[in-house]
1. Condition (residue is modelled with pLDDT under 90 and surrounded by 11 or more Cβ atoms within 10 Å (Cβ to Cβ)) applied to region 24-33: is it met by at least one residue?
2. Would you confirm whether or not region 52-69 contains a residue that is surrounded by 14 or more Cβ atoms within 10 Å (Cβ to Cβ) and more than 13 Å from the chain's Cα centre (by Cα)?
3. Quickly run through region 10-37 and pick out the residues that are among the aromatic types (Phe, Trp, Tyr) and assigned to a strand (DSSP E or B).
4. Against the definition (assigned to a helix (DSSP H, G or I), in contact with a helix residue (DSSP H, G or I) (Cβ under 9 Å, 6 or more places away or on another chain) and either of a type outside the set (S, T, N, Q) or at pLDDT 90 or above (or both)), how does Arg70 come out, yes or no?
5. Within the set of pairs 6 or more residues apart or between chains, which connect a residue that is charged (D, E, K, R) inside region 20-42 to a residue that is surrounded by fewer than 11 Cβ atoms within 10 Å (Cβ to Cβ) and part of a strand (DSSP E or B) with Cβ atoms less than 8 Å apart?
Amino acid sequence: MELNEIKKILYKEKPVAIFEYADKTGIYYYLGLEIPGENTERFIIMFRVPFSDLGDAKFINQMPAQLLIRYIVQ
């Protein structure tokens, strides 16, 4: 699957990213994503938001995945 396809699905489906844990490297979130097609597939995507990128932003337990797309597609 190509990166642009993943981005389109993220904006269309509007999944929620859920906090998993934090360690010394950053905050980890995961989300479930359904890929439409003949055989609909469901993927769990886990990604990290580095502490160096936090600034004064609020990262909460559940947030729209579109807000974190920069980290999801890396």
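1. Of the residues in region 24-33, the ones modelled with pLDDT under 90 are 32-33.
Imposing the further condition that a residue be surrounded by 11 or more Cβ atoms within 10 Å (Cβ to Cβ) reduces the set to 32-33.
So far as region 24-33 goes, yes, one or more of its residues are modelled with pLDDT under 90 and surrounded by 11 or more Cβ atoms within 10 Å (Cβ to Cβ).
2. No, there is no match, as no residue in region 52-69 is surrounded by 14 or more Cβ atoms within 10 Å (Cβ to Cβ) and more than 13 Å from the chain's Cα centre (by Cα).
3. Phe19, Tyr21, Tyr28, Tyr29, Tyr30
4. Numbers: assigned to a helix (DSSP H, G or I): yes; in contact with a helix residue (DSSP H, G or I) (Cβ under 9 Å, 6 or more places away or on another chain): yes; either of a type outside the set (S, T, N, Q) or at pLDDT 90 or above (or both): yes.
For Arg70, the condition - assigned to a helix (DSSP H, G or I), in contact with a helix residue (DSSP H, G or I) (Cβ under 9 Å, 6 or more places away or on another chain) and either of a type outside the set (S, T, N, Q) or at pLDDT 90 or above (or both) - is met.
5. Going by the 8 Å Cβ cut-off, the qualifying pairs are Glu34/Arg42.
The values are calculated or read from the model by the stated rules, or taken from the named source; none is laboratory data. Everything numeric in this text was worked out from a predicted model, so none of it was measured. Counting neighbours? That spans all protein chains shown, and the Cβs are built from the backbone with ideal geometry, glycine included.
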